[in-house]
């Protein structure tokens, strides 16, 4: 069986790995000049770094299993995480129950209520009861005004923007909480996060090597212009390699890992129901500034910004997880934002964002000076975060599209868990099994 795959991110590569391992002929086409999709890497002072911050939780067994299978298991390091919340110019540690009791932006009664609400959600197993209500409504009612305005509200606004935060299902919050809880182990205190020493890029390189060793092909800078269908059955794809004309490729099956709004452009008109499911999901784009500093900015790895006067929502100090000695003694800081593509800051160029962002770093470290910044980088990741609305499970498109032999696998189909490389690998391997079961 010949299978064409659109996209060389975690989903596409995982599917290609399993399909070639089973003896099928596979060709992967990636329009970018690099592997990895949302977890791709770039060069920083001779070392590889993810364009967007990435790590694994201890519950991320799907990608850990794959990493071990390809021989890189020894590269994974499990490290105690440090988490904080920035409020009114002060960083509050947010790791242990004692940290919560010291969280002065809330009075003692609200601190206890925030803790009890979180503990209650941690113990809930049935996520489906939360998808019928918005997070905004549930949290206002059950967590109370103080915890909502100081903690939950800024998180929702930061992740989904003013246009969407009131639409988000409580099931999304449930998924985020339960993912982090599983990474705390039996003590429920210390959170451990995993990282492949050598970067996520090394993982994707080795997976690609295995695909090729198993007879598959992986092509970069190769854009798929259309999926060809006749009488409702896939025939192949029209592919434009770099600096070349369009080539017709014949396949028995095609797996597209494109965002939902891109997929309809590649195929003939879809059925009304399937097209409506694709159109029902809106996306937030991730906009990232990566700073290379000559000294640390803070003492925490993951800093939630609970101050909406600050124009970014998260500060992830990568070198507070993976030491600066791995980056020539430099300190790596991501300034993260989630924006709609019509937001003014989405359209800003790197220097404009730096001018907007850097003055606010003094609210994190009063000694900060722009001279600390040795260099910086700017990345936009479109389609980074689907907006998960109420009753979301009723609108998820099937992996099987209306065209026989054409399959869709993207982040909108990961639910109730939030998107991430672990669930992308899980989905890629599941779709590979689906294709083999359907066509063999």
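Here is how the numbers come out for the structure above:
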read-out: 222 nm mean residue ellipticity, helices alone, for the chain (DSSP H n ≥ 4; -39,500 (n - 2.57); rounded to 500); value: -8500 deg cm²/dmol
read-out: Cα Rg over Rh - segment 111-239, Kirkwood; value: 1.16
read-out: Beta bridges per DSSP with both ends in the chain, % antiparallel, nearest 5; value: 75 percent
read-out: Angle in degrees between helix 153-164 and the longest Cα principal axis of the chain, rounded to the nearest 10; value: 50 degrees
read-out: Cα gyration tensor category, rounded, prolate or oblate, for the chain with a/c compared to 1.5; value: prolate
read-out: Ordering of 49-59, 352-362, 261-271 by burial proxy (mean other Cβ atoms within 10 Å per residue, highest first); value: 49-59, 352-362, 261-271
read-out: Folded to 0 to 90 degrees: helix 170-182 orientation relative to the chain principal axis, Cα; value: 80 degrees
read-out: Cα long-axis angle, helix 108-122 against the chain (0 to 90 degrees, to the nearest 10); value: 20 degrees
read-out: Ranked by how many other beta carbons lie within 10 Å on average, peptides 210-222, 296-308, 236-248 from highest; value: 296-308, 210-222, 236-248
read-out: Listed residues 11, 208, 117, most fluctuating in the chain (Gaussian network, C-alpha, under 10 Å); value: 117
read-out: Cα gyration tensor shape for segment 113-152, rounded if a/c is under 1.5, else prolate or oblate; value: oblate
read-out: Average Cα contact separation per residue, the chain, under 8 Å, 6 or more apart, as relative contact order %; value: 25 percent
read-out: Segment 1-52 - share of DSSP beta bridges that are antiparallel (%, nearest 5); value: 45 percent
read-out: Relative contact order %, segment 96-190, counting alpha carbon pairs below 8 Å whose residues are six or more apart; value: 37 percent
read-out: Mean Cα-pair separation over length for segment 283-386, i.e. relative contact order, pairs under 8 Å, 6 or more apart, %; value: 46 percent
read-out: Segment 1-32-segment 222-272 distance, computed between alpha-carbon centres (Å); value: 14 Å
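Where a number appears in this text, it was derived from the coordinates with a stated rule and is not lab data. Bear in mind that the values here come from a model prediction, so they are computed numbers and not experimental data. Here Cβ is always computed from backbone atoms with ideal geometry, including for glycine, and neighbour counts include all displayed protein chains.
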